[in-house]
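The values are calculated or read from the model by the stated rules, or taken from the named source; none is laboratory data. Predicted, not measured: the structure shown is a model, and the values here were computed from it. FYI the Cβ positions are ideal-geometry reconstructions off the backbone, even for glycines, and counts take in every protein chain you see.
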Amino acid sequence: MIETVPTRISHPTPKLDQNIMLFVRLLRAIGLKLGSASMLEAIDAAKTVGVADKDFLYHALVSCLIKRREDKPLFDQAFYLFWQNPKFHERIRDLILPRIKAAGHKQEDVEPMLRRLSDALADPPNDPPNTAEDVEIDFDTEGTAADTDRLQHKDFEMMSAAEIRHAEQAIANLQPKLPRRSARRSKLSSRGQLIAMRAALQHAERQGGMVIPKFRSVITKPRPLVILCDISGSMEHYSRIMLHFIHALTRNHPQVSSFLFGTRLTNISRQMRHRDVDEAVQSVSHLVDDWSGGTRISASLETFNHRWSRRVMGQGAITLLITDGLDRNPDDALGIHMERLHKSTATLLWLNPLLRFDGFAPKSHSVRTMIQHVDHFLPIHSLQAMTDLTASLAKMQTQRDAKLAEWQAAARRASLAADLVPAYAQESAYAQEKGHTA
Amino acid sequence: MLKKGFVKPMSAFDTVEAVQQELGSAGYIASDGLAVSLFLALAKQRALFLEGEAGVGKTEIAKMLARVLDRDLIRLQCYEGLDINQAAYEWNYARQLVDIQAQRQSATNEKPDADNLFREDFLIERPLLRALRANPRGAPILLIDEIDRADEAFEAYLLELLSDWQISIPELGTIAAATPPIVIITSNRTREIHDALKRRCFYHWVDYPSREVEREILALKAPEAGAVLQAQVVDFVQTLRGQQLFKSPGVAETIDWAQALVELNCVALDPQTVDSTMGVLLKYQDDISRIQGSEAARILSEVQAALVQGELSRA
């Protein structure tokens with residue numbers, strides 16, 4: 001490859017090979033799939049364009065090392081850190097995040113570093129030549145059967161930062177079985193029920209006029225999915241992981257509309273369509289400004305019904321409502337808005353993290369109102385709950401939820417009784433329910 | 001830029017005002033925004049994509065345009081599962097089968113000549129293909145109505161038509177337009193239309209008309225209603241649109257209501273008539289039960305007071 005190097009090299013750097021090698025290892029460590037062929041190509045390309053102009057070098061490396069568009073943001077960050085800071089790659093061995101900040105960068109100009117990149121840099125491997133392998137081995141040792149099992153059932157709320165990261169990884173690998181419905185289109189199929197005249201005659205034309213019947217069968221297509229997720233204070237520990245969950249669903253499904261609500265409703269469907277989950281979560285955090293604030297479930301549902309329901313609920317949509325249902329000041333209209341939501345969708349699933357408690361009972365006024373208008377009421381507090389849900393999402397349409405019927409009956413009785421009970425008693429029921437979370 | 005070989009539509013308008021004037025004389029009051037988009041669409045030979053709530057006159061614009069320009073109107077009503085067979089073309093299978101039989105009988109000893117089974121005269125034209133054919137009255141107006149009801153696959157099929165004004169038939173080849181048709185696409189926004197389709201069109205959001213425009217519309221569409229009734233009807237409907245209703249009444253409902261009131265020999269609104277005819281304006285029970293009764297009476301008295309105030313200040 002050396003003989004292909006043209007005379008255009010302005011400053012032949014003896015260290016260039018080595019630097020690109022280190023850079024490629026860094027990229028591998030943060031999750032890009034790069035073989036040694038790509039590395040050789042990159043070295044060759046860098047030598048061909050020369051290193052005098054940093055932009056040229058950047059584009060040369062991009063053209064060799066980026067195979068999927070969604071890797072670009074990660075690459076850009078890595079490139080910036082690696083080539084912009086002259087001391088960076090010398091110290092790559094013992095590099096930790098605070099030191100880059102200390103190195104006197106204009107940090108306010110730089111987007112907060114993508115988490116995956118900072119994570120990869122934060123725990124530097126002991127032996128640089130084996131960067132990629134080490135990372136993989138790390139994963140393997142932590143993912144022992146017992147460990148995974150424990151993680152599966154652990155409440156997201158109780159997880160450490162490291163465990164959350166593993167959980168996010170697991171969520172990214174979820175294989176949701178999404179509900180489908182028969183479309184009004186058909187495709188050629190030898191076992192179909194419909195006659196395919198066009199195909200039969202095309203065949204006849206080729207076969208000299210011999211008409212042999214061909215058949216079509218009706219195809220199915222996924223139902224649109226609508227996700228309404230609560231991000232208020234009481235859901236604080238779950239909102240981030242729910243974003244990862246929504247992202248995993250969006251990636252596996254062509255038609256997902258997702259909304260976040262706390263005190264107001266935000267449509268995040270487009271943000272969630274970023275392939276890279278870190279980038280998606282980051283752009284959502286820029287967009288939404290009512291994180292961990294109060295809850296106005298009723299008002300948010302009203303906005304949704306009014307502005308979005310008719311735009312996203314067509315074609316037999318399934319709705320996932322992710323909330324604990326705790327609304328400090330529920331207004332009387334909550335029931336009306338829930339009913340409207342229920343009637344606009346094919347199936348309404350309420351996913352409630354509070355359902356992890358065995359003794360759960362619909363006590364607070366808002367939960368009692370909402371539970372009347374849902375088709376399914378399911379937990380969403382652990383990886384196991386999430387996996388169960390995604391595995392059975394396709395069957396939800398036809399199944400009845402026996403436990404839910406019981407709760408609904410209880411809630412109806414309680415509502416009747418509540419009409420006779422003074423308001424302070426309801427308040428204490430709310431506090432009692434809230435007490436479960438502590 | 002006109003594509004090579006295409007003829008500029010003969011009676012396209014010269015100015016935006018001309019669009020408004022011509023449509024106005026035919027009985028359609030177009031807002032400035034709509035007139036500009038329409039003018040651009042005609043001048044640049046691109047499709048016009050109209051989005052808006054039900055009943056704001058999206059479909060009507062295509063009908064009026066056809067009348068004003070004296071062109072044929074070809075309408076394709078979209079529905080779920082709409083496919084090439086119903087939208088663009090279909091082969092006449094029965095005739096193809098008969099053709100095979102006939103060939104077999106006429107030349108019993110020879111191998112039947114099935115090579116020309118897919119001939120142009122076996123082609124059944126559906127709206128999209130018909131819109132591309134030369135028309136003695138000039139390029140027709142193609143109305144693709146409520147595209148949000150069709151599925152994504154159909155949208156994708158439209159892309160070729162809208163960018164190159166042609167339809168590819170695998171067995172036959174490509175059929176290009178003699179003159180590109182004037183295409184108007186409407187959507188009620190029950191789902192999002194793909195950006196790729198919108199990119200090929202001029203986009204216009206058809207909003208509810210302003211008070212003045214709506215009065216003009218009523219004067220045209222329900223002249224039998226007196227000026228007083230027209231003003232009251234328009235103000236009442238405009239106020240209703242400000243309420244958080246699940247479905248606000250469109251222009252079509254305003255016209256229907258005014259005409260219904262004329263049938264009832266009503267010269268001015270009163271609470272009883274408003275209550276009993278509420279079903280003409282509002283189509284959801286939740287909305288009706290919210291407005292009917294005291295709320296309607298309140299709005300009506302406000303409207304009446306405002307109109308009297310307006311009269312006084314004018315006098």
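Among the residues of the stretch A:349-360, are any surrounded by fewer than 20 Cβ atoms within 10 Å (Cβ to Cβ), within 25 Å of A:His306 (Cβ to Cβ), out of contact with any helix residue (DSSP H, G or I) (no Cβ under 7 Å at 6 or more places or on another chain) and basic (Lys, Arg)?
No, the stretch A:349-360 has no match at all.
From the list A:Ile246, A:Ile227, A:Ile241, which residue is β-branched (Val, Ile, Thr) and touching a Cys at 6+ places or on another chain (Cβ under 8 Å)?
A:Ile246
Does A:Gly325 qualify as being of a type in the set (Gly, Ala, Ser), away from chain B (no Cβ under 13 Å) and on the phi > 0 side of the Ramachandran plot?
yes
Is it the case that B:Glu90 is out of contact with any Phe, Trp or Tyr (no Cβ under 9 Å at 6 or more places or on another chain), part of a strand (DSSP E or B) and within 14 Å of chain A (Cβ to nearest Cβ)?
It is true that B:Glu90 is out of contact with any Phe, Trp or Tyr (no Cβ under 9 Å at 6 or more places or on another chain), part of a strand (DSSP E or B) and within 14 Å of chain A (Cβ to nearest Cβ).
For residues that are assigned to a loop (DSSP other than H, G, I, E, B), within 12 Å of chain B (Cβ to nearest Cβ) and over 13 Å from B:Tyr93 (Cβ atoms), tally how many sit in the stretch A:213-244.
Matching residues across the stretch A:213-244 total 1.
Scan the stretch B:257-286 residue by residue and report those that are in contact with a Pro (Cβ under 9 Å, 6 or more places away or on another chain) and among the charged types (D, E, K, R).
Hit for the stretch B:257-286 is B:Lys283, nothing else.
Scan B:Leu69, B:Leu128, B:Leu73, B:Leu97 and give me the residue that is of a type outside the set (Val, Ile, Thr), buried (at least 19 other Cβ atoms within 10 Å of the Cβ) and either more than 29 Å from A:His203 (Cα to Cα) or more than 18 Å from the chain's Cα centre (by Cα) (or both).
B:Leu69
Please pick out the residue among A:Arg150, A:Arg216 that is farther than 24 Å from A:Arg251 by Cβ, charged (D, E, K, R), out of contact with any Asp or Glu (no Cβ under 7 Å at 6 or more places or on another chain) and at pLDDT below 80.
A:Arg150
Does at least one position in the stretch B:100-107 carry a residue that is closer than 30 Å to A:Trp308 by Cα and outside any loop (DSSP other than H, G, I, E, B)?
no
From (1) free of Cβ contacts under 8 Å to residues at least 60 places away in the same chain; (2) touching a Ser or Thr at 6+ places or on another chain (Cβ under 6 Å); (3) closer than 30 Å to B:Glu152 by Cβ; (4) away from chain B (no Cβ under 14 Å), pick out the condition that doesn't hold for A:Ile318.
(1)
Would you check if A:Met396 is at pLDDT 85 or above, within 26 Å of A:Ile171 (Cβ to Cβ) and aliphatic (A, V, I, L, M)?
No.
Testing A:Ser190 on (1) part of a loop (DSSP other than H, G, I, E, B); (2) within 14 Å of chain B (Cβ to nearest Cβ); (3) among the small types (Gly, Ala, Ser), one condition comes back false. Which one is that?
Among (1) part of a loop (DSSP other than H, G, I, E, B); (2) within 14 Å of chain B (Cβ to nearest Cβ); (3) among the small types (Gly, Ala, Ser), the lone unmet condition for A:Ser190 is (2).
Could you grab me the full set of residues in the stretch A:316-345 that are modelled with pLDDT of 90 or more, in a loop (DSSP other than H, G, I, E, B) and of a type in the set (A, V, I, L, M)?
Passing the criteria: only A:Ala317.
Could you list, in sequence order, the residues of the stretch A:10-67 that are of a type outside the set (A, V, I, L, M, F, W, C), closer than 26 Å to A:Asp278 by Cα and in a loop (DSSP other than H, G, I, E, B)?
Passing the criteria: A:Gly31, A:Lys33, A:Gly35, A:Lys67.
Which condition number in (1) surrounded by fewer than 17 Cβ atoms within 10 Å (Cβ to Cβ); (2) within 16 Å of the chain's Cα centre (by Cα) is the one that B:Pro170 fails?
(2)
Checking B:Val251 against (1) more than 14 Å from chain A (Cβ to nearest Cβ); (2) without any contact (Cβ under 8 Å) to a residue 40 or more places away in the chain; (3) more than 19 Å from B:Ala297 (Cβ to Cβ): exactly one of these is not met. Which one?
Of everything listed in (1) more than 14 Å from chain A (Cβ to nearest Cβ); (2) without any contact (Cβ under 8 Å) to a residue 40 or more places away in the chain; (3) more than 19 Å from B:Ala297 (Cβ to Cβ), B:Val251 misses just condition (2).
Please give the number of the condition A:Arg185 fails out of (1) within 12 Å of chain B (Cβ to nearest Cβ); (2) charged (D, E, K, R); (3) buried (at least 20 other Cβ atoms within 10 Å of the Cβ).
(3)
Every residue in the stretch A:193-212 that is in a helix (DSSP H, G or I) and within 9 Å of chain B (Cβ to nearest Cβ), please.
A:Met197, A:Arg198, A:Ala200, A:Leu201, A:Gln202, A:Ala204, A:Glu205, A:Arg206
Can you pull out every residue in the stretch B:18-75 that is closer than 21 Å to B:Ala219 by Cα, out of contact with any Phe, Trp or Tyr (no Cβ under 8 Å at 6 or more places or on another chain) and acidic (Asp, Glu)?
B:Asp32
Name the helices (runs of 4 or more DSSP H) wholly inside the stretch A:255-310 in which the number of residues that are over 21 Å from A:Ser366 (Cα atoms) and within 15 Å of the chain's Cα centre (by Cα) is 3 or more.
Per the criteria, A:269-272, A:277-287.
Is there a residue in the stretch B:132-147 that is within 14 Å of another protein chain (Cβ to nearest Cβ) and not in a helix (DSSP H, G or I)?
Scanning the stretch B:132-147 turns up at least one residue that is within 14 Å of another protein chain (Cβ to nearest Cβ) and not in a helix (DSSP H, G or I).
Name the helices (runs of 4 or more DSSP H) wholly inside the stretch B:169-285 in which the number of residues that are polar (S, T, N, Q) is 2 or more.
Of the helices (runs of 4 or more DSSP H) lying wholly inside the stretch B:169-285, those with at least 2 residues that are polar (S, T, N, Q) span B:227-242, B:251-263, B:271-276.
What are the pairs, 6+ residues apart or on separate chains, where a residue within the stretch B:136-155 that is aromatic (Phe, Trp, Tyr) has its Cβ under 8 Å from a residue that is in a helix (DSSP H, G or I)?
B:Phe154/B:Ala87; B:Phe154/B:Ile147
Which residue pairs have Cβ atoms closer than 6 Å, lie 6 or more positions apart in sequence or on different chains, and pair a first residue in the stretch B:270-294 that is over 17 Å from B:Gln244 (Cα atoms) with a second residue that is of a type in the set (D, E, K, R) and surrounded by 16 or more Cβ atoms within 10 Å (Cβ to Cβ)?
If the second residue must be of a type in the set (D, E, K, R) and surrounded by 16 or more Cβ atoms within 10 Å (Cβ to Cβ), the pairs left are B:Val280/B:Asp256.
Scan the stretch A:339-353 and report the pairs whose first residue is more than 14 Å from chain B (Cβ to nearest Cβ) and whose second residue is of a type in the set (D, E, K, R) and assigned to a strand (DSSP E or B), with Cβ atoms within less than 7 Å and a gap of 6+ or a chain change.
none
Does B:Asp164 satisfy the criteria of being more than 14 Å from every other protein chain (Cβ to nearest Cβ), closer than 19 Å to A:Arg198 by Cα and of a type in the set (D, E, K, R)?
No; evaluated as a whole, the condition is false for this residue.
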